[in-house]
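Please read the structure below before turning to the comments.
Any read-out appearing in this document is the output of simple, stated calculations on the displayed coordinates, not a laboratory observation. Bear in mind the structure is a predicted one, so any value in this text is a computation, not a measurement. When we count neighbours, we look across all protein chains shown, and the Cβ atoms used for this are built from the backbone with ideal geometry, even at glycine.
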Amino acid sequence: MASFKLGRVQEDILRELTAILPELKDPRIAPMLSVVRVELAGDMGHCKIYVSSMNGIEEAKRSCKGLVSASGYIRRELFTRLGLRKSPELHFIADDSIAYAADISEKLNDLGLTGGVGNSPAETEDDAE
């Protein structure tokens with residue numbers, strides 16, 4: 001049962017963080033910042049939050065500094081919005097998964113492997129005949 005509750009609270013934190021980030025006024029925080037993953041400790045005392053930016057890992061690292069300075073406000077908002085018994089300590093970690101995925105997608109598009117249904121080279125040759 002504990003793992004079910006832990007997973008549910010992780011999803012709730014992810015959802016609320018996505019709503020809280022646009023409210024922050026720190027210029028260091030990128031406007032296109034996404035919360036990729038949330039890992040909550042078993043005792044719910046610490047929470048690792050992985051954030052990524054479309055502009056790359058350097059932008060995400062700069063945004064992490066802004067998020068650390070706003071962590072008190074974010075903790076309070078999570079506490080009140082979710083009604084938690086105790087608010088976990090937040091640890092923000094820069095992640096480059098969005099930029100990496102965009103790079104892979106661009107490379108696949110350059111090769112003509114878009115992955116769409118009906119777009120494979122074998123099907124387009126058969127349709128042309």
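Under the definition of Cα pairs under 8 Å and six or more residues apart, what whole-number percent is the relative contact order of region 1-93?
Over region 1-93, the number comes to 30 percent.
Basic side chains Lys and Arg get +1 at the Cβ, acidic Asp and Glu get -1 at the Cβ, and with that the dipole of the chain about its Cα centre reaches some 1460 debye. Annotation: the antiparallel percentage among DSSP beta bridges lying fully within the chain is about 55. The amide H of His46, built 1.01 Å from its N in the peptide plane, has Ala41, Glu89 as neighbours under 5 Å, considering only residues 5 or more places off or on other chains. For the listed residue pairs Lys5/Lys25; Lys25/Lys61; Lys5/Lys48; Lys25/Lys107; Lys5/Lys86, the alpha carbons are over 26 angstrom apart in Lys5/Lys25; Lys25/Lys107.
Neighbour counts of C-beta atoms inside 10 Å place Lys65, Lys107 in the sequence Lys107, Lys65, starting with the fewest.
The structure shown yields P(r) over Cα pairs in 10 Å bins from 0, in percent, and of the options [x] 12, 38, 31, 13, 5, 1; [y] 12, 40, 27, 13, 6, 3, 0; [z] 12, 35, 23, 15, 10, 4, 1 that calculated value carries the label [z].
Residues in region 75-87 carry Karplus couplings, in order, of 4, 5, 5, 4, 4, 6, 6, 9, x, 6, 5, 9, 8 Hz; the curve used is 6.51 cos²θ - 1.76 cosθ + 1.60 with θ = phi - 60°, and Gly or Pro positions show x.
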